[in-house]
Structure formats: C-alpha cells, structure tokens
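Before any comments, here is the structure.
The values are calculated or read from the model by the stated rules, or taken from the named source; none is laboratory data. None of the values given here were measured: they were computed from a predicted structure. Virtual Cβ from ideal backbone geometry, glycine too; neighbours counted across all protein chains shown. Accessible surface areas use protein heavy atoms only, side chains included; no ligands, DNA or RNA. Shrake-Rupley method; radii C 1.70, N 1.55, O 1.52, S 1.80 Å.
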Amino acid sequence: MNDKTVADARKKRKEEARLLKRKRIEESGGVRPRSTKDTSRSTTGTGTNSDKGGRTTASPSSNPKRMGFGTFSDERHYHGRNKKKKGSETKHRFGAVMEEVPCPNISRNYTISMAVPGSVVSNAQTRELRTQLVGQIARAAAIYHVDEIIVFDDLLSSNMRDNHHGRSHRGGRGGEGSGGKRDYDRNKNKRTSTDSGDKDGAEQKRDGDNDHDNRERYQSSDPHTFMARVLQYIDCPQYLRRSFFPMHGDLQFAGLLPPLDAPHHVRAGEKSTYREGVVLDKTGHGPDAGSLVNCGIRGRPVEIDRALAPGIRCTVQLDTKCYDAPGKIKGVVVSPTTPREEDGTYWGYTTRLATSIKAVFDECPYEGGYDLKVGTSERGDVTVDDKQFAFPKFKHLLVIFGGVAGIEECIDADESMTLAGKDSRKLFDLWVNICPYQGSRTIRTEEAVLIALARFRPHIAKNGDGGSKQPHVVKDEDLNFSDGDNLSEESSDDEVG
C-alpha cells in the first residue's frame, strides 16, 4: 500500500467521523452529546483510542480542553460558520423574545411620576456601579410605564469619590493626580532646565493641552446631575444619542447600561406609526416644504409639516404605508404624549431636576399639580397587603422614594419647609409601607422602586383616569415573537440614520 492510498484512507475516515459527529449534534438539537461513544473508534481501558490505522490517540475524557462547556473540536463549528439559519427553531431554547411590546389599544390619559433622590448613586463605590444602579431604575420605570422621573436633591448627599477618576485620565491605576509611583517617575524625569530649547517647551505645552482636554471630557458632576444625565441617555433612542450627548465623564461606562427596549426605541426595519427624530439643517423642496428629520430610517429623512430649528428632538407620526412606497417620506409633528393618549403606547419618560423635595411638588409640569401623592416608608401607616388598600381616582400620580436615610431625613434637611420630619405623612395622600416584615434591615432605593411599582400596578390600572375606548384583550396569537438567535437591536449603539 503506497503513501497516497494511506493518505486517502485517512482522509476518508476523518470525513466519516466529521459527518457522524455533525449528525449527532443536529439530532440532539444543536448540543454536542457527551455520553455517546464514537463507533469509528474502540475504547480501551487505558483512556486511549485506537483507530483502524493503528494510531493511538487520547480519549475525549482525557483531554480537559475537549470537556469545556460549549467547546467543539470542529473548528468551523466553533467559529460560528455553520450557524443555523435565521428564523429556524432549536429544541434547546427555553423561549422566545417579544418582537413588539403588547399595546393595550386603549387611551391612557393619566400619568405616573416618581421622585428619586440623586444621593443614592453617591453610595456606590465606583462609576461603573453608579451607572448600573441608574440603569436598574430606568428599566423599572420603563417596565411599569412611568412617564416622569424627578431627581431631587435631598441635601444629604456627599461628594462622589470616584476611585477610577484618575484612571480615566491616563488609563492606568496610578494616573496623574493619584499620587502613585507613575506620578513620582513623571515628575522625576520631567525636564526643568532652561537649555532644553523650544522643542521641550512645545512638548510640555502639548501635554498641558491634552490634560486640559481630558479634564473637560471626564469632568465629574454632582450625583443628581449624574443620575439625570444617565437617565436621559437611556431614554434617548440609539440613533439620536450622538446628536444630543457629547462625550462626558458621566457617560464613560454607558456601555454597561441595559437596553430599554421600549416602543419609542424603534428598530431599523420596524414599521412604526410614531418615531423620535432630530431636526436636520435641511428642508424639503417647494414653497411650503418643511424641515427634514432624521427618524432612524436608513438613508431616508422624513419631511415634516413645518419648519423647525435644527437640533430639536421631536415626535413624528407616519403612515405605515410610506415605508414600502418609493420616494420621500412625509410625516406630521405631534406631541410626545400622543402615542399614550391615542392607544396607550408607552413612549418613554421625561427627566426633571428638583433642587429640593419641596420643588418636586412646586414645579409640577401638569396643570393642577399631582392629585395623588404617595410616600413610601418602612414606617408607613398602611401597607399594600391590607385588604382595604386601594388608590382613589387620580389624574396625575406621584410616588416619592427616600434615600439612604428615608424621606423623613430629607424633609428635616430642607430648611424651606416648616414641617418636621416626624410629620412627613402630612405631605402625602397615602403613606405606604411597600414591603412589611422585610427580611433585611434596609431596602435599597433601586429595590424599593421595583417593589413599589410592581405592587402598585393593579391599583394604578384600576383607578387611573383612562380614556373612553374599550380595552382590547391581548391573546397569545396576537403577540409576535422572534427566535432567541436574533439578538435585539437594542444591544447596539450603532447609527441607523
């Protein structure tokens, strides 16, 4: 038997083994079977396999790399070249992802507002943790249809000490200004002699300019501004973020934020009736042409019905037929509350800064103010578990959460209020203990937000001043799902406009 015949036989055995392995993977729903023995090899008691050509190879159990979770010996499968086609179903998936948020198809005329002290972020140790904390609050607000988030100053916050602030300037643990060894070496080797010439002076000037730019880019802010900026960033659709949010130190770890995935975060190929957009410095053609708006439709700006100043964010109503029609797209500028008032579609939240807890009430943007004010405290005189607990009819609901010390300490610290902290209950229509007999000594603010909104939801839906349309019962067949292989486009911050 010549060398060519031996090589051909070896190649044939490899191909048969590869096809057999692929068949077993497909039969098991895409998961590599671990306990099935390979019929093309005979297992010996020494932990080795002998093939027909007499070669001795290590068994799969003797190679730790082959036993790793999610590893494949087939390099082409490992690198993802043989992925299943888009839309195909796999047996090992536990569920699917909603393609669209269920719409109640009933107008909602009431609003939900919540107030959170910005001091809660100063309790986190690093900027990464602060960013994630704000992301949790934003996610809870979106899930339970909160229309307004007020970040108020409880006058109890301390300056945020960012352990990574020096690192953001220089990219190392001992960044400039941290007093570490790098600063010592930098100062030791710095040229201070007068005979260094213009070249050294230019280098020092350039270093000084870079330091100034870095300080401006990564400038720190107080906890209330930090929380408000991150909340606004999360609510803004991805294709508009570059237009409204320049680089800032508060957004340094924005990549850690969870996607909001709300209806106003329209995906690139979605045919939505409403879209958020930014007015461009362009207008359409004709005497009555309006401004062009980037609404996230790839390569197709929308011409609105009026001329607006460039750089303004607006809500545009479109005809869904225009997506498939050639030519320019025309739309009408509407109020951001129109989707909610029309069919109950949740359209994000607005963020407001308040200088004190008193300003939360005094600067209410709604006519007549908040007609139902709810305070949350572990010392509340009523609990959600009470059988008689219920919300009265309301138009504008406000739920206030306290910081680390609670609402009572916030009121005591506000010198503009004559009310004592022990009498905080008098400020609210309901003084609620959202979690009686809690298992921990404290409930963190981000946890209280999620608990309260979840427990208040049935009472809000029952007593809110809704519209006159009849509710539409959502059935399982009305919900559109996407396969788990298709990641949500909310996971990317790429421009689609």
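Computed values, structure above
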quantity: Residue in segment 98-134 that is farthest from Thr337 (Cα to Cα), counting only those that are more than 17 Å from the chain's Cα centre (by Cα) and assigned to a strand (DSSP E or B); calculated: Pro117
quantity: Selection count, segment 219-244, where residues are over 16 Å from Ser119 (Cβ atoms), open to solvent by less than 40 Å² (accessible area, probe 1.4 Å) and outside any helix (DSSP H, G or I); calculated: 2
quantity: Residues being part of a strand (DSSP E or B) and not hydrophobic (A, V, I, L, M, F, W, C) - total across segment 277-303; calculated: 7
